[in-house]
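I have placed the structure first, in the form of structure tokens, so that the comments after it can refer back to it.
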Amino acid sequence: MSARKICVVTGSRAEYGLLKGVIRAIADHPVLELRLVVTGAHLSPDFGLSYREIQADGFRIDHKVELPLGSDAPAAIARATGVAMTGFADVLGALKPDIVLLLGDRYEILAAATACLLSGIPIAHIHGGEVTEGAIDDAMRHAMTKMAALHFVAAEPYRDRVIRMGEAPDHVFMVGGLGVDAIKAAKLASRADIEKELRFTFGPRNLLVTFHPATAEKQDAGRQCDELLAALDANPEPRLLFTLANADAGGRAVNARIQDFVTNHPGRAAAFASLGSRLYLSCLDQVDGVVGNSSSGLLEAPSFHIGTVNIGDRQKGRLKAASIIDCPPERAAIGAAVTRLYDPAFRQGLNSVENPYGDGGATARIVKVLEAFPLPNLRKKAFYDPPVAAAS
């Protein structure tokens with residue numbers, strides 16, 4: 001079998017944490033050739049220059065697509081998407097991959113997908129079929145589903161949704177969640193090592209907090225963050241590890257508020273632009289729960305048998321384990337949800353929680369398809385109409 005050139009694109013710390021195992025498997029595969037393209041927040045000093053983690057993991061970055069991330073105003077995000085599309089057009093012309101592997105729903109990944117579509121390069125898309133009603137990412141994810149030729153979904157209901165969107169069933173593969181694979185592959189740091197590396201001391205109670213702008217909502221992200229921080233301020237017992245917001249519209253306002261909170265709560269709170277996947281998962285292993293609106297609270301936290309306080313509608317529509325506590329972005333509701341997270345009866349039930357995104361194996365399933373699926377005519381798609389059940 002001749003080698004297949006697989007191009008993987010990554011633009012954010014969270015997405016790379018999910019993709020790392022797949023990237024490794026492609027790099028080590030005898031008949032697949034990895035081409036790695038890095039973009040977005042990975043290349044920004046404001047977001048931790050996380051491309052250095054990729055290099056530290058031993059991967060060669062073939063190309064970097066720089067974006068102007070000096071502003072997170074909606075118009076600036078739109079302009080950055082256009083710049084990204086131009087950059088990806090040039091990179092794809094140089095690399096000439098057989099297929100491009102994309103994960104998720106962010107604007108820089110939409111730019112890569114659009115450049116692939118217009119360049120005639122097939123797309124394999126991971127995590128399609130999901131719903132996140134509180135973010136514009138929802139529309140971008142569905143758009144990428146229609147651009148893609150192959151689909152790797154995390155749960156059976158998502159496979160059904162992708163098929164109902166007109167994608168052929170034999171091109172839609174239920175592989176499970178990559179977050180579970182990342183947890184199983186990680187060499188987790190001890191509490192003492194985390195404290196030394198982060199210069200942060202855990203207490204009797206500890207929470208990991210990540211709050212992103214809900215970009216599809218009218219309410220200002222800064223005001224929502226104020227409600228969260230007021231609720232955390234009113235409950236001084238838990239120590240707080242913050243991971244800062246992504247490069248989304250409104251993210252800088254959120255991050256400024258978090259940094260001010262940390263400054264005013266020395267010893268109790270710390271904030272990091274990027275922990276890296278190993279340290280992030282290690283922190284999940286040590287804290288009592290997750291607070292915020294990150295997808296990680298739904299995708300990964302249940303596998304650690306910890307609770308998640310899921311704030312607002314950013315993740316509305318996703319499958320949720322019994323460990324998820326939903327609440328509106330209001331300080332009283334957030335405070336009540338944190339109180340419930342520490343309730344002994346709730347905590348006792350966490351031991352039996354099952355992650356709806358499976359128990360691992362997604363990486364191997366994805367690579368098996370990339371190795372064997374026939375590539376000719378992948379660009380040409382017929383709209384699939386599921387059979388209509390006969391009336392009884």
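The values are calculated or read from the model by the stated rules, or taken from the named source; none is laboratory data. Here the structure is a predicted model, which is why all the values come from computation and not from measurement. Positions of Cβ are generated from backbone atoms using ideal geometry, with glycine treated the same way; all protein chains shown enter the neighbour counts. Note: areas computed on protein heavy atoms with side chains; ligands, DNA, RNA excluded. Shrake-Rupley method; radii C 1.70, N 1.55, O 1.52, S 1.80 Å.
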Study note, to complete from the structure: Residue-normalised value, i.e. accessible area per residue, for the chain at 1.4 Å probe, in Å², stands at 41
Review point. Mind ordering 106-113, 37-44 by average Cβ neighbours within 10 Å, highest first?
Key: 106-113, 37-44
Practice item. Just add up the charged neighbours of N355: K/R +1, D/E -1, any other residue whose Cβ is under 13 Å from the Cβ of N355. Key: -1
**Study point:** Surrounding net charge for H265, when Lys and Arg each add one and Asp and Glu each subtract one, Cβ distance under 12 Å
**Key:** 0
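Do me a favour and compute the ellipsoid semi-axes for the range 223-284 from its Cα gyration tensor, root of five times each eigenvalue, largest one first, whole Å.
Values: eigenvalues 66, 57, 19 Å².
That gives 18, 17, 10 Å for the three semi-axes.
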Study note, to complete from the structure: Charge tally for neighbours of G93 with beta carbon under 14 Å away, counting Lys, Arg as +1 and Asp, Glu as -1, is +1
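Taking 2.2 N^0.38 Å as the expected size of a compact globular protein, what ratio does the Cα radius of gyration of the chain give against it, to two decimals?
0.97
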Check your understanding: Counting each DSSP H run of 4 or more residues in the chain as -39500 (n - 2.57), what helix-only mean residue ellipticity at 222 nm follows after dividing by all residues, to the nearest 500 deg cm²/dmol?
Key -> -12500 deg cm²/dmol
Exercise for review: Write down the Kirkwood hydrodynamic radius of the range 334-392, to one decimal in angstroms, obtained as one divided by the mean of 1/r over all alpha carbon pairs.
Suggested key: 17.4
Check your understanding: Over the range 1-130, one equal point on each Cα, no solvent: what is log10 I(q)/I(0) by the Debye formula at q = 0.15 Å⁻¹?
Key -> -0.66
**Study point:** Accessible area of the chain belonging to carbon and sulfur atoms, whole % at 1.4 Å probe
**Key:** 53
Practice item. Could you state, as a whole-number percent, how many of the C-alpha pairs of the range 179-329 are farther apart than 22 Å? Key: 37
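What ranking do 154-163, 360-369 get when scored by the average of other Cβ atoms within 10 Å per residue, highest first?
Highest mean packing first, the order is 154-163, 360-369.
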Exercise for review: Counting other Cβ atoms within 10 Å, keep those with at most 13, restrict to DSSP loop, and tell me which trypsin sites (Lys or Arg not before Pro) in the range 1-82 are left.
Suggested key: R60
Review point. In µm²/s, what is D for the range 49-198 at 4 °C and 1.567 mPa s, where D = kT/(6 pi eta Rh) by Stokes-Einstein and Rh is the Kirkwood radius from Cα pairs?
Key: 75
Point to revise | Tail beyond 18 Å, pair distance distribution of the range 113-243 (Cα, percent) | key: 69
Review point. Considering amide H positions built from the backbone, and no H for Pro or chain starts, which residues 5 or more places from A269, or on another chain, come under 5 Å of its amide H?
Key: L240
Revision key, fill the gap. Long-range alpha-carbon pairs in the range 237-326, meaning those over 15 Å apart, account in percent for 62
Review point. Just the accessible area for F272, please: 1.4 Å probe, Å², rounded to the nearest 10?
Key: 40
Review point. Amide H to amide H, which residues 5 or more places from E354 or on other chains are under 5 Å from it, using H placed in the peptide plane?
Key: A322
